[in-house]
Amino acid sequence: MTFDVTLYLTVLITLFVIMDPPGAIPVFLSLVGRKSKEERNKAAWQAPAVSLTVISVFAIGGQAILSYLHIGIPALQGAGGLLLLLIALSLLTGKGAGGDTAAEDVNVALVPLGTPLMAGPGAIAAVIVYVSQADGDAGSFLAIALGIITIHVLFFLVLRFSTALIRLLGEGGISLLARIAGLLLAAIAVQLIADSVRGFVAGG
């Protein structure tokens, strides 16, 4: 068994570009900014853990799952886009920025941080493709697995240390960040939906 360093770096860079750990900081801070320090730190490791679990499941049995349910990547993109759009609208209207609403009781590490923001359609599709190209080679599987683990460790470090910014932002800064995050999420959601429509048209 030979460890494929090139594949490892390819998987790591691809997932870094798709998942964009620095880009998740505004969303993360806007969702956990008004929570306690313990809850923020908990969310910082829970979100990558959820994402790692979801992506690992799809890496192992993604093709079988999608085939069994007759779901294509465009459908995943559309569903992820719609879910992110709902979160974006709640942030833009101030209902999801950690205010005194029902959203306060929702574990944001699960949705939208863990999935679909981290373990989104793009990351899932990329992992499925890499696994299918490995063609049963143990060294390739190991490289893919380490690439997936590495990006999630990076995600944890980025989210964990980003909480230091909360003291500087204050209440007003967090509210402003929530609006910015909502706008960014809305743009990502629209892009996912557009990619979904494009995929359906191309496949049809």
In the range 11-33, which residues are open to solvent by less than 80 Å² (accessible area, probe 1.4 Å) and either basic (Lys, Arg) or free of Cβ contacts under 8 Å to residues at least 60 places away in the same chain (or both)?
Asp20
Which residue pairs have Cβ atoms closer than 6 Å, lie 6 or more positions apart in sequence or on different chains, and pair a first residue in the range 44-62 that is under 18 Å from Leu159 (Cα atoms) with a second residue that is open to solvent by 40 Å² or more (accessible area, probe 1.4 Å) and among the hydrophobic types (A, V, I, L, M, F, W, C)?
Trp45/Phe156; Pro48/Phe156; Val50/Leu110
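The values are calculated or read from the model by the stated rules, or taken from the named source; none is laboratory data. These figures come from a predicted structure and were not determined experimentally. Positions of Cβ are generated from backbone atoms using ideal geometry, with glycine treated the same way; all protein chains shown enter the neighbour counts. Ligands, DNA and RNA are stripped out before the accessible areas are found, and what is left, the full protein with its side chains, is counted by its heavy atoms. Shrake-Rupley method; radii C 1.70, N 1.55, O 1.52, S 1.80 Å.
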